[in-house]
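What follows is one structure encoded as structure tokens, with my remarks underneath.
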Amino acid sequence: MRVTALEPFGKAKCKVEMDGQFAFVLYKGELSRFGISEGKELSEEAYARIKKDVILKRAKLRAMHLLTAMARTESGLREKLRQGMYTEDVVDQAIAYVKSFGYIDDYKYAEQFVQSRKSSKSGREIRMLLRSKGVSQEMIDRVFADVWTDEGEAEAIRTLIRKRHVDPCTATEQELRKLYGYLARKGFHYEDISHVIQNYEQNA
């Protein structure tokens, strides 16, 4: 295998191209350590050793660090690792590594996500947010079937009404129109909004 290009990547790293294809990112000190320079040959054994002992090890540590900082979906973690210029095979192995410890669980992530937001967001909005984080539609449906209730939707509407500092019992027609519009844009259905507003006094 021949090193066909070295491209600076940040202040201390370089992208390494082997036989015309991106291979990995190494620190400049590692280039010297492994004797990597443009035009030089690199044995298959040395390439495999770098991938396993340097790149994969670094990707695993990076994955663990990212999960320590905040909970993530598998899709979200994959994207962060790709941004770090790890190749797909290394990303797969790093994901499998953290999965083996139970550190990635999309169902648990989605369940906690719904529980923490169901009192202030519509089910529709929460579903959209979960999809944007890479949670599958099947997983979202499972979580909603397990933890979502119609009363949760109503409570979310009441919470948002209180935050708007509008009392539906004394609000003008114009204020009510604005309130309906605001809640509709948040993803709530007209029937649910109407039910809460019409029964607001007894539930507030």
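Structure notes:
- Residue match in the range 134-150 (condition: modelled with pLDDT under 85 and surrounded by fewer than 12 Cβ atoms within 10 Å (Cβ to Cβ)): yes
Residue-wise test of (1) without any contact (Cβ under 8 Å) to a residue 40 or more places away in the chain; (2) surrounded by 12 or more Cβ atoms within 10 Å (Cβ to Cβ); (3) in a strand (DSSP E or B).
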residue	(1), (2), (3)
3	yes, yes, yes
8	yes, no, yes
17	yes, yes, yes
22	no, yes, yes
30	yes, yes, no
39	yes, no, no
52	yes, yes, no
62	yes, yes, no
66	yes, yes, no
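- Residue, nearest to residue 105 (Cα to Cα), within the range 121-171, restricted to residues that are basic (Lys, Arg) and more than 26 Å from the chain's Cα centre (by Cα): 158
- Qualifying residue in the range 190-203 (condition: outside any helix (DSSP H, G or I) and either outside the structural domain of residue 112 (by TED's automatic domain parsing) or surrounded by fewer than 12 Cβ atoms within 10 Å (Cβ to Cβ) (or both)): yes
- Selection status of residue 122, surrounded by 17 or more Cβ atoms within 10 Å (Cβ to Cβ) and either touching a Lys or Arg at 6+ places or on another chain (Cβ under 9 Å) or in the same structural domain as residue 64 (by TED's automatic domain parsing) (or both): yes
Results for (1) closer than 30 Å to residue 60 by Cα; (2) touching a helix residue (DSSP H, G or I) at 6+ places or on another chain (Cβ under 7 Å); (3) in a helix (DSSP H, G or I), shown as yes or no for each residue.
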site	(1), (2), (3)
102	yes, no, no
110	yes, yes, yes
116	yes, no, yes
121	no, yes, no
125	no, no, yes
135	yes, yes, no
139	yes, yes, yes
145	no, no, yes
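- Evaluated against (1) without any contact (Cβ under 8 Å) to a residue 60 or more places away in the chain; (2) outside any loop (DSSP other than H, G, I, E, B); (3) not hydroxyl-bearing (Ser, Thr, Tyr), residue 167 falls short on exactly one condition, (2).
- Just one of the numbered conditions (1) assigned to a helix (DSSP H, G or I); (2) surrounded by 14 or more Cβ atoms within 10 Å (Cβ to Cβ); (3) more than 31 Å from the chain's Cα centre (by Cα) is not true of residue 174: (2).
So that you can scan it fast, the table gives a plain yes or no per residue for (1) closer than 16 Å to residue 4 by Cβ; (2) polar (S, T, N, Q); (3) at pLDDT below 95:
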site: 18; (1), (2), (3): yes, no, yes
site: 29; (1), (2), (3): no, no, yes
site: 37; (1), (2), (3): yes, yes, yes
site: 55; (1), (2), (3): no, no, no
site: 58; (1), (2), (3): no, no, no
site: 69; (1), (2), (3): no, no, yes
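The values are calculated or read from the model by the stated rules, or taken from the named source; none is laboratory data. None of these values were measured; they are calculated from a predicted model. Don't worry about glycine lacking a Cβ; one is built from the backbone with ideal geometry, like all the others, and counts go over all protein chains shown.
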